[in-house]
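The next block holds one structure in the form of structure tokens; read it before the comments.
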Amino acid sequence: MSEREKKLLMLFGAAGVILLALWGYKTYENQKMNVAADRKNAENALREGQMYLASRDSLTDEIEWLAQHEPEPEAAEQVPTKLQQLASAEASRAGMTVKKMDILPDRSAESEDGATRRYKVAQVKFTVTGEEKNLYAWFDRMHSPNDFRAISEITMSPNREDDSQIDCIVTFDQWFVPLNPNL
């Protein structure tokens with residue numbers, strides 16, 4: 001082999017080593033980027049999992065509370081009447097003068113997407129007059145989340161005949177589990 005052929009062979013060898021080094025470097029860089037992306041995805045999945053665990057813990061507490069406090073199924077026709085009787089009795093006990101009582105129509109039969117809900121809502125609307133402290137005492141007795149009962153609307157105004165009295169329109173909501181129609 002001549003000197004010229006030896007130089008040419010060394011030049012091709014050096015070019016091959018350089019090309020091999022460049023290919024190895026590019027492969028290393030691509031692998032490094034893939035590992036960094038995988039690590040970032042894993043960190044995001046870990047954070048998301050921790051958030052789910054935290055929300056699961058709070059939901060578990062809510063589910064346990066609901067299991068302890070959920071009302072027994074009742075006939076949908078009886079719940080508004082019972083709520084109206086309770087509110088009327090409590091209003092009388094608080095010294096309120098009941099001017100008007102209305103049972104509002106059931107609007108909880110189906111959700112907007114057509115799915116049937118587990119709970120229904122009975123609503124009664126009262127128009128009363130009384131002293132402010134008696135009114136608040138009545139609200140306090142009627143608003144009971146543990147009994148699935150809440151005040152959803154209150155409108156108060158001073159009484160036109162007596163400045164010591166307040167006119168109030170209040171709506172009470174009672175959530176309940178309806179009886180299974182298949183029974």
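Derivation of every value follows stated rules applied to the coordinates shown; laboratory data play no part. All of these numbers come straight from a predicted model, not from anything done at the bench. No Cβ is skipped: glycine too gets one built from the backbone with ideal geometry, and neighbour counts run over all protein chains shown.
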| query | Dividing the alpha-carbon Rg of region 1-47 by 2.2 N^0.38 Å yields what? | reply | 2.12
| Using a Gaussian network model of the chain with C-alpha springs under 10 Å, which one of L83, L135, L19 is most mobile by mean-square fluctuation? | L19
| Among A67, A21, A45, which one shows the biggest mean-square fluctuation in a GNM of the chain, springs joining Cα atoms closer than 10 Å? | A21
| message | Can you tell me the orientation of helix 3-69 relative to the chain, as the angle in degrees between its alpha-carbon axis and the longest Cα principal axis, to the nearest 10? | response | 10
| task | Evaluate E = 1/(1 + (r/R0)^6) for S144 and A37, where r is the Cβ-Cβ distance and R0 equals 45 Å; express this FRET efficiency to the nearest 0.05. | result | 0.25
| request: Give the order of K82, K100 when sorted by the count of other beta carbons within 10 angstrom, beginning with the fewest. | output: K100, K82
| field | lysines with Cα under 22 Å of K82, excluding same-chain neighbours fewer than 8 positions away | value | K99, K100, K120, K125
| request: Treat every Asp and Glu Cβ in region 78-176 as -1 and every Lys and Arg Cβ as +1, leave all other atoms uncharged, and give the resulting dipole magnitude about the Cα centre to the nearest 20 debye. | output: 380
| said: What value in Å³ per residue do you get for the convex hull of the alpha-carbon atoms in the chain? | reply: 268
| message | Ignoring everything except DSSP H segments at least 4 long, calculate the 222 nm mean residue ellipticity for the chain; use -39,500 (n - 2.57) per segment, divide by total residues, nearest 500. | response | -18500 deg cm²/dmol
| Added length on full extension, which subtracts the Cα-Cα distance from 0.36 nm per residue, L20 to Y52 | 6.8 nm
| field | Cβ charges +1 (Lys, Arg) and -1 (Asp, Glu), total dipole of the chain, debye | value | 1280
| query | Can you list the residues of region 70-85 with backbone N under 17 Å from a point 7 Å past the Cα of L179, pointing along Cα to Cβ? | reply | 71-83
